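Read through the structure below, which is laid out as structure tokens, and then see the notes.
A short reminder: the numbers here are calculations on the coordinates, not readings from a lab. Everything numeric here is computed off the predicted structure, so don't read it as measured data. Neighbour counts are summed over all protein chains in view; Cβ atoms, including those assigned to glycine, are modelled from backbone coordinates with ideal geometry.
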Amino acid sequence: MKAIYCVVGCLFLFCSLAVVAEQTGATAKASGTKLVAGRHPGHLGHRFEEKNIAFSSGKAKYTVKYYACADEGMHPGRRFYSEGYIGMPSPTACNWYHSGFLFVAINDGEVGIYPLMAMDVLQAKGGQAMAQMVWDTPDANVTVIFAMKEDDDMLRCRVLWQPRNGRKINSVQIKTVCYPSYFTHANRRNGDRFVTTPAQHGKQGKELALDMQKDNFLLYGDNVFDTGKGEGQGPCAMAFLPGAFSKGSVSITGYPVTTILAAHPEAGKADLMFWEFKDKTNADALQSIMGRKEALASDMASYGFEATAFMEIIPKAELDKIIAEAGPASSHAAKIRSSYAELCNRKARLEKGDRMAYNNLTQLLSDFDGLLYYLKIEALINGG
């Protein structure tokens with residue numbers, strides 16, 4: 001009877017902790033691959049791939065999207081994109097553009113023309129949520145990582161590149177595209193775009209040359225489509241560390257606003273932060289980002305973009321102890337040993353820099369946790 005009470009009590013505790021875990025922290029959830037028929041000239045009826053990952057920090061929500069023609073029968077080994085291949089469809093369709101807000105070019109070659117090798121959630125929940133997109137190009141292995149910490153109001157981003165086969169990386173360009181607050185021309189209305197940095201203010205129709213030490217926080221807005229005037233969706237913003245890029249410029253048109261940043265090729269990485277200030281006024285958004293730029297710069301410099309899932313795996317000695325307590329009749333011991341061996345193999349691959357080792361990792365971890373849950377119940381029953 002004592003053993004039964006013990007098992008029931010443990011089940012209640014495990015279920016309670018699971019509910020709390022689902023309700024708190026940051027989360028990332030992948031939608032899976034959706035295949036749609038192309039509608040673009042020259043690609044009508046072709047197979048287009050669409051993948052989405054939704055992030056939530058408990059304070060804000062962002063979604064990133066991959067969209068490109070993946071019809072191997074029509075253009076083997078290549079991909080076609082119309083407006084872009086990395087989009088941000090929420091919090092708003094405008095601002096960081098839903099159909100293409102982020103572009104990466106290595107040695108003047110756009111990454112998006114090559115097949116997407118993987119788009120995986122690296123950490124699904126907890127103190128942070130994280131996902132990656134991976135490409136193999138002729139010159140480099142390229143990874144774009146997105147992340148949110150609990151209570152973040154921004155989406156974090158790291159771009160990684162590693163030379164392939166002795167190739168030299170001469171240039172790395174990162175381009176961003178936004179439609180601040182409103183789709184002006186699409187709705188046949190005129191706006192008044194602007195970009196504000198800590199050091200200068202750029203107006204619509206101008207090209208803004210950035211000071212890479214001072215202009216590392218940028219607010220993109222529209223003086224006509226300002227929620228303070230009852231118009232638009234609210235502005236957006238971007239940040240990077242001073243000196244992280246060698247040069248940059250912003251083209252402020254009456255429709256899209258395009259920012260081009262030249263990274264240091266030898267650095268192998270570049271970090272960014274993206275905000276959408278949905279329903280906020282221009283003034284409130286400016287105060288929000290500029291008022292905490294020092295703290296944000298420190299945060300950005302210290303954030304490592306490392307998934308912590310492997311750090312939370314039970315040590316082998318402890319696992320062996322539970323297996324022994326479950327006894328030789330355990331129905332889960334063999335399965336959990338196999339699952340643990342695969343996770344250790346993945347960890348070894350990651351330590352060698354193999355980003356593809358993350359493929360389906362969150363599902364593997366979830367399956368392992370499920371097996372461990374039932375193994376512990378067997379240990380309680382057999383040890384009770």
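Give me the number: length gained by fully extending residue 382 to residue 78, i.e. 0.36 nm times residue separation minus the C-alpha to C-alpha distance, one decimal in nm. Numbers along the way, then the final one.
Numbers: separation 304, 0.36 × 304 = 109.44 nm, distance 5.69 nm.
Result for the pair: 103.8 nm of gain on full extension.
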- When the chain is reduced to its Cα atoms, the Kirkwood hydrodynamic radius in Å: 22.9
- Task: Counting other Cβ atoms within 10 Å, keep those with at most 16, restrict to DSSP loop, and tell me which trypsin sites (Lys or Arg not before Pro) in the stretch 259-338 are left.
- Result: 292
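What Kirkwood radius, in Å to one decimal, follows from the Cα pairs of the stretch 283-322?
Numbers: mean 1/r = 0.0731 Å⁻¹.
In the stretch 283-322 this quantity evaluates to 13.7 Å.
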- Item | Linear extension gain, residue 369 paired with residue 108, 0.36 nm per residue minus alpha-carbon span | 89.5 nm
- Note on the structure: If the chain between residue 345 and residue 31 were fully extended at 0.36 nm per residue, the gain over the current Cα-Cα distance would be 110.4 nm
- Item | the stretch 71-112 versus the stretch 215-269: alpha-carbon centroid distance in Å | 18
- Could you tally the net charge around residue 251, taking each other residue with its Cβ under 13 Å from the Cβ of residue 251, Lys/Arg +1 and Asp/Glu -1? +3
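Under 13 Å from the Cβ of residue 179, count the other residues' Cβ atoms, weight Lys and Arg +1, Asp and Glu -1, and hand me the total.
Value of the local net charge: -1.
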- Residue (of 374, 319, 339) at the positive-pole extreme of the chain, dipole from beta-carbon charges: 339
- Message: Give the aspartates and glutamates reachable from residue 206 as a straight Cα distance under 17 Å; neighbours fewer than 8 places away on the same chain don't count.
- Response: 192, 215, 222
- Item | Kirkwood Rh in Å, taken over the stretch 236-284 so that all alpha-carbon pairs contribute | 12.8
- Bin by bin, in steps of 10 Å, what percent of the Cα pairs in the stretch 309-383 do you find, going until the bin that has the longest distance? 19, 50, 24, 7, 0
- Message: If I take every Cα pair under 8 Å that is 6 or more residues apart in the chain, average their sequence separation and divide by the length, what percent do I get for the relative contact order?
- Response: 13
